[in-house]
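The values are calculated or read from the model by the stated rules, or taken from the named source; none is laboratory data. Treat the numbers as computed from the prediction; the structure is a model and nothing was measured. Cβ coordinates were reconstructed from backbone atoms using ideal geometry, including for glycine residues, and neighbour counts include every protein chain displayed. For the accessible areas, the whole protein counts, side chains as well, though only heavy atoms, and no ligand, DNA or RNA atoms are used. Shrake-Rupley method; radii C 1.70, N 1.55, O 1.52, S 1.80 Å.
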Amino acid sequence: MDKVQLVTSLYKIGAIKFGHFTLKSGQTSPIYLNLRQVISYPDLLRAIANLLWEKIRSCRFDSLCGVPYTALPIATCMSLQHSVPMLIRRKEKKAYGTKQKIEGVFKPGEHCLIIEDVVTSGGSILETALDLAEEGIQVMDVAALIDREQGGKESLHQKNYNLHAALTLSEVLAILLNSAPLSEAERLLINQLIAERTHISQRKSYAARASFCKNELTKKLWTLMDEKRTNLAFSADVTSGEELLALADRLGPEICILKTHIDIIEDFHPELTVQLRRLAQQHQFLIFEDRKFADIGHTVKLQYAGGIYHIADWADIINAHSLPGLRMITGLAETGLKMKRGLLLLAQMSSTNNLLTPEYTEKTVAIAKQFPEFVMGFIAQKKLSSDPQWIYMTPGVHLSTEGDALGQQYVTPQQAILENGSDVIIVGRGILKAKDPLAAAKLYRSAGWEAYEESLKQVAPAV
Ligand code: 5BU
């Protein structure tokens with residue numbers, strides 16, 4: 001049985017599952033690997049033992065020791081097939097008899113090879129190695145079926161143990177995608193996980209991202225964020241023009257974007273947008289009118305350039321639902337490209353029970369690819385593609401993740417940037433309702449920036 005057959009068989013028996021799981025380490029994951037039931041499938045158990053043996057046949061060892069419990073039958077199988085003695089480590093210390101932790105016959109100084117099914121942090125392997133070491137048994141090598149690529153290999157290496165994994169989680173995902181009878185939802189999830197993993201491991205700085213985009217405004221924004229050291233967009237959801245200007249002036253130095261809902265201003269006058277542009281120039285931020293266009297091309301064209309608000313005259317960035325399809329974007333792009341503006345497509349929303357399904361999100365990303373000169377990226381809860389040209393902005397960000405009474409859901413700046421791979425945090429009431437909005441803006445700014453700097457150091461993605 002080769003790796004492809006083994007992985008697809010593991011999927012078929014339910015040993016690889018997709019959903020929402022909490023791992024032993026406390027981390028949550030959309031993938032769960034449960035190899036306990038392979039003992040009910042002798043062919044699979046034999047195949048795993050053979051694969052592991054191929055990985056370690058040239059290593060030097062006198063005995064094998066499986067990490068309890070799942071790896072015990074794998075170790076037994078290898079021991080029988082290759083006539084290598086086995087040791088067993090008791091997880092619970094015996095309260096009677098010899099009280100020893102390691103069972104079997106051994107001599108101090110002998111070499112034991114540890115066998116594990118799935119490596120996450122490497123913690124259980126280290127515990128086993130420690131108990132063996134207490135008896136004077138040396139460990140140099142560890143064989144495992146799947147390395148989840150979550151830092152286990154590195155922490156084992158620090159203690160001078162070499163991990164020989166037959167498969168990495170990346171390989172498992174790629175095999176499943178090509179060969180397993182996946183449901184549509186599972187296929188979408190795996191595609192997204194692969195994109196995230198590639199992206200996290202190659203996370204580029206904001207400055208570096210500027211060279212990938214075809215929209216001029218996005219280039220300007222990446223540079224601005226890098227130079228000003230902020231990824232904070234402030235959602236100034238106030239109803240008075242005077243208050244809007246006062247906030248833009250006060251918070252301007254902290255932000256990269258001021259987001260407006262111009263149609264909630266009760267005393268709107270065109271002079272307001274002239275003043276906003278002056279402040280944008282003075283404090284170096286872009287203006288994003290959160291208009292969420294969603295009509296046919298002809299109508300959005302009129303809504304964008306005309307009406308009372310003349311949005312195209314003063315808003316650098318606008319957004320639109322992808323619902324009406326491609327030609328709506330053509331309607332906006334006619335004016336937008338002339339004015340060197342940018343469009344964000346709404347790929348995901350933050351509200352509970354919204355109707356933007358994973359399929360809708362995927363199609364939205366596909367639509368964006370057709371307008372790289374005008375589309376900057378997405379309003380989304382997480383990074384959706386490994387293509388570095390897109391920028392991701394996340395609304396529904398708050399330091400307290402409680403949500404509101406009308407369906408808003410929150411994530412923290414750390415979750416948005418570091419865990420979900422977004423680029424810009426959009427914060428409204430977290431700042432607006434604070435006793436001191438300027439102090440709150442500074443707090444969100446540093447939380448967002450620290451999460452970004454941390455993300456650049458990240459090499460092993462947690463999946
Ligand atoms: P809040 O006060 O931080 O909850 O405000 C969030 C802002 O972002 C508000 O202006 C919303 O209209 C906007 N928003 C959102 O909250 N969620 C979404 O999915 C989108 C926009 Br799209």
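Give the residues of segment 329-365 that are in contact with a strand residue (DSSP E or B) (Cβ under 9 Å, 6 or more places away or on another chain), of a type outside the set (A, V, I, L, M) and within 13 Å of the ligand (Cβ to nearest atom), sorted by residue number. GLN348, SER350, THR361, THR364 - these are the residues of segment 329-365 that are in contact with a strand residue (DSSP E or B) (Cβ under 9 Å, 6 or more places away or on another chain), of a type outside the set (A, V, I, L, M) and within 13 Å of the ligand (Cβ to nearest atom).
Name the residue that is least open to solvent (accessible area, probe 1.4 Å), counting only residues in segment 424-462 that are part of a loop (DSSP other than H, G, I, E, B) and away from the ligand (no atom under 15 Å from the Cβ). Among residues in segment 424-462 that are part of a loop (DSSP other than H, G, I, E, B) and away from the ligand (no atom under 15 Å from the Cβ), the one least open to solvent (accessible area, probe 1.4 Å) is PRO461. Counted as qualifying within segment 1-86 are the strands (runs of 3 or more DSSP E) with 1 or more residues that are within 31 Å of the chain's Cα centre (by Cα), namely 16-22, 28-33. When segment 386-395 is limited to residues that are assigned to a loop (DSSP other than H, G, I, E, B) and crowded, with 22+ Cβ neighbours inside 10 Å, the one that is nearest to the ligand (Cβ to nearest atom) turns out to be PRO395. Criterion applied to SER170, SER79 was being hydroxyl-bearing (Ser, Thr, Tyr) and closer than 30 Å to THR22 by Cβ, and the one residue passing it is SER170. For first residues located in segment 405-420 and open to solvent by 60 Å² or more (accessible area, probe 1.4 Å), partners that are more than 12 Å from the ligand (Cβ to nearest atom) and lie 6+ apart or on another chain with Cβ distances below 7 Å form the pairs GLN414/ALA447; GLN414/ALA451. Checking segment 111-129 against the condition returns no match, with no residue being within 18 Å of ARG46 (Cα to Cα) and without any contact (Cβ under 8 Å) to a residue 12 or more places away in the chain. Taking segment 153-211 as the range and being polar (S, T, N, Q), under 23 Å from ASN50 (Cβ atoms) and outside any strand (DSSP E or B) as the test, the residues that pass are SER170, ASN178, SER179. Taken as a whole, the condition of being among the aliphatic types (A, V, I, L, M) and open to solvent by less than 40 Å² (accessible area, probe 1.4 Å) does not apply to LEU189.
All of (1) touching a residue at least 12 places away in the same chain (Cβ under 8 Å); (2) in contact with a Leu (Cβ under 9 Å, 6 or more places away or on another chain); (3) not polar (S, T, N, Q) hold for ASP423 with one exception: (2). Of the candidates GLN284, GLN275, the single residue that is on the phi > 0 side of the Ramachandran plot, open to solvent by 10 Å² or more (accessible area, probe 1.4 Å) and in the same structural domain as ILE318 (by TED's automatic domain parsing) is GLN284. When PRO372 is tested against (1) within 17 Å of ALA347 (Cα to Cα); (2) surrounded by 24 or more Cβ atoms within 10 Å (Cβ to Cβ), just one condition goes unmet, and that condition is (2).
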